[in-house]
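Report on one structure; see the data block that follows.
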Amino acid sequence: MGLKTWMDGVVGGACGLARRFAGDVRGNVAMLFGLSLPVLILMVFGGVDIHRMSTVRINLQDALDAATLAAARSPYTQEADLRRVGLAALKANLQAYPNVTLEEDQTRFVLTGDDVVVADARVQVKTLVANIFLPPYGQLMDDYLPVGSHSEVDRSSRNLEVALVLDVTGSMGGQKITDLKKAAKELVDIIVQPTQTPYYSKLALVPYSMGVNPGSNANAVRGTPIGSTNISGAAINFTGSEKSISAATKERPVEITSNSHGFSNYDVVWITGASGMTQLNNKAYQVRNKTNHTFELYTLGGSRVDGRYYSTYNGNAKVRRCQNNDCSVTITSNGHGLSNNQYVFINGVNGMTQLNNGTYLVGNATSNTFTIDPDLSALNPYTSGGKAWCAQQGCTYFAFENMYGDLQTHQISSCVTERTGANAYTDVAPSTTRVGRNYPSASSNTCLNAPILPLSSNRSTLKSTIDGYDVEGSTAGQIGIAWGWYMVSPNFNYLWPSSAAAAYNTAKTLKAVIIMTDGEFNTPYCSGVISRQAGSGSGSNTGKIDCDADNGDPFEQGKSMCAAMKARGVLVYTVGFQIESGSNAADVLRSCASTPASFFLPANGGDLSEAFAAIGRDITQLRISK
């Protein structure tokens, strides 16, 4: 009820009462009425001012609380400085109430030994009714009535460490990433205070899509991948003696003359050194229709070699049978460290360039040599160079069978995946248990470009980093959640000593993780490669490994990680941007949030900004103790 409405009711009731008394002709009633009327009217109309004083007291309390917060947020400890900051804020807050007068000499802001800012203020409220309508009785009430208020704010006795986990997947394209950047930058201004003493406020950024990119710290968290050894030689493996070729026909198939060659039908032979008919050189052939001195050339696939358009043979050619009929190659690479039946990836070879960028099964391994079967019908002679890379887990390259049983080779990236084993849902240091490696496809769902940013109090750096985010990849929300925790965990401090997190101590440091996503968690991993159990939108199936996810369902992984970090005293806030209530993603976010009030489902950009602002205010709100 408004003041005018209330006053109209009071005045109307008083006038009605007066008319009834005036109409009573009995003498004693009239006498009593005459004596009591001023008091009754004073009480009735004075109530208007009392009601107004009550309203002013509430407004003054709000204004003083806000001013005390401002003083508490300041870096000052001396009374004069605190009073200057608090008084300026109080005056600004009271500008909305022109009918009150602040008694500045009665206003104080002091800091107690318990780090509590105590404030007292008093205002004078001008009376609106009594002095106007009831002279001289109104003189019983002053022209101004005093209203006082008291506030105590427990100055932030805790540092603030917040990790902002942001979904930058492909589905965040267009207006959504624009809205996210705006809301995130506004949150930076709320979380990170301009004054970092006596207590600091820092924010870390964790962009994620198909994984998380720790940047230059990749080797420190996932382990340094095994590299390559230099190749110093490569030679085809032959058996038996080399035979000279005296003639080669330009027919289909080509007929070779080599006296007493000793080959059998279906032997695989290799020809080198032919002059004129150079088309024969450095290739493997199958022997067919042999005689003691001749044989016909067939391809390894069983087709006749067509020499009708070859040059004329001029001699000098040599022919030799391949060992075990597979034309395997012996690679010399000292200290290669490979074992039989492991995979090796080869590149950089000169001369025998056909071996480059191929993955081969290792055989006949010694300390410095091994054989490969390149399954090639043509190989140039080796001249120099080349590198042999192991292609197992923990190596720079990883060879595996995809969902269709085809051999794939992926190179390790700077991104990382889930930690497995007993410490999958802990924040132990990666020096104790490594996080997962990431071997992405070179063409589908590649490692995201945006690296993490450890705890920082530099607003400009945080905002420019956010501005640089692009959308890419699928949604491995469980990995983003894990790294949100890692950023505020003291166990990861050796990675970024200048951005170290404080020890777990809720009395001294408030730690919070804000998790934002716009969709389903669809990217679990097996051995560092996207698992065959990954959902739609997680890249081509040709790049997915043929095994189940190491840690199972990514939604359940996210819940387990949230439960573990909350158990360590970390506050968790979750934001599902344009996510339908009741979806799997919404259920995970609701489960992750520390309280129901810490869970948000904004429907548009404006809602997202409001959600982030509400979270920021909740985190930074200084406790009002009284």
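Estimated from helices alone, the mean residue ellipticity of the chain at 222 nm is -9000 deg cm²/dmol (sum of -39500 (n - 2.57) over DSSP H runs with n ≥ 4, per residue). Extending 7 Å from the Cα toward the beta-carbon at both residue 278 and residue 383 defines two label points whose distance is 1.3 nm.
Partners of residue 185 within straight-line reach, counting lysines whose Cα lies under 21 Å from its Cα and excluding those fewer than 8 residues away in the same chain: 176, 202, 463, 511.
List 161, 296 from most exposed to least, where exposure is judged by having the fewest other Cβ atoms within 10 Å.
296, 161
Cα centroids of region 544-603 and region 340-400: 44 Å apart. One decimal place: the segment residue 311-residue 230 gains 25.3 nm when fully extended, by the rule 0.36 nm per residue minus the C-alpha distance. Considering only beta bridges that DSSP places wholly inside the chain, some 75 percent are antiparallel.
Farthest towards the positive end of the charge dipole of the chain, among the residues 232, 443, 462, is the Cα of 232, using unit charges on the Cβ of Lys, Arg, Asp and Glu. Annotation: the residues 73, 57, sorted from fewest to most other C-beta atoms within 10 Å of their own C-beta, follow the order 57, 73. Taking the charge dipole of region 346-429 about its Cα centre, with +1 at Lys and Arg Cβ atoms and -1 at Asp and Glu Cβ atoms, the residue from 377, 403, 390 reaching farthest to the positive side is 390. Using θ = phi - 60° in the Karplus curve 6.51 cos²θ - 1.76 cosθ + 1.60, the 3J(HN,Hα) couplings for region 309-320 round to 10, 6, 6, 6, 5, 10, x, 6, 6, 10, 9, 8 Hz; x is entered for Gly and Pro. The value of relative contact order for the chain, using C-alpha pairs under 8 Å at least six residues apart, is 15 percent.
Other residues within the sphere of radius under 13 Å centred on the Cβ of residue 360, judged by their own Cβ, net out at -3 (K and R +1, D and E -1).
With R₀ set to 56 Å, the beta-carbon distance separating residue 392 from residue 114 gives a calculated FRET efficiency near 0.40. Based on Cα contacts under 8 Å between residues 6+ apart, region 237-321 shows a relative contact order of 42 percent.
Charge tally for residue 241 (other residues, Cβ to Cβ under 12 Å; Lys, Arg +1; Asp, Glu -1): +3. Amide H to amide H, with H built 1.01 Å from N, residue 144 comes under 5 Å of 127, counting only residues 5 or more places away or on other chains. Calculated over the chain, the projected area of the Cα convex hull averaged across directions stands at 41.8 nm². The distance between label points at residue 508 and residue 247 comes to 9.6 nm (points 7 Å beyond Cα on the Cα→Cβ vector). Placing +1 on each Lys and Arg Cβ and -1 on each Asp and Glu Cβ, with no other charges, gives the chain a dipole about its Cα centre of roughly 700 debye. Neighbours of residue 482, meaning other residues whose beta-carbon lies under 11 angstrom from its beta-carbon, give a summed charge of -1 when Lys and Arg score +1 and Asp and Glu score -1. Counting only Cβ charges, +1 for Lys and Arg and -1 for Asp and Glu, the dipole size of region 237-321 around its Cα centre is about 60 debye.
Under 15 Å from a label point set 7 Å out along the Cα-to-Cβ vector of residue 356, the amide N atoms of region 226-249 belong to 231. Long-range amide H contacts for residue 163: which residues qualify at under 5 Å (H placed 1.01 Å from N, peptide plane, sequence gap of 5 or more or a different chain)? Result for residue 163 returns 204, 512, 513, 514. When the charge dipole of the chain is built from unit charges on Cβ atoms (+1 for Lys and Arg, -1 for Asp and Glu) and taken about the Cα centre, the candidate among 533, 184, 432 whose Cα reaches farthest toward its positive end is 432.
Relative contact order, percent, of region 325-444 when contacts are C-alpha pairs under 8 Å separated by at least 6 residues?
21
Backbone geometry of region 401-415 corresponds, through the Karplus equation with coefficients 6.51, -1.76 and 1.60 at θ = phi - 60°, to 3J(HN,Hα) couplings of 8, 7, 4, 9, x, 8, 6, 10, 10, 10, 8, 5, 10, 7, 6 Hz, x marking Gly and Pro. Taking label positions 7 Å along the Cα-Cβ direction at both residue 259 and residue 500, the computed distance is 8.5 nm, reported to one decimal.
Here, each number is a calculation from the coordinates, and none is a lab measurement. These numbers were taken from a predicted model, which means no experiment stands behind them. Neighbour counts run over all protein chains shown; Cβ positions are idealised from the backbone, glycine included.
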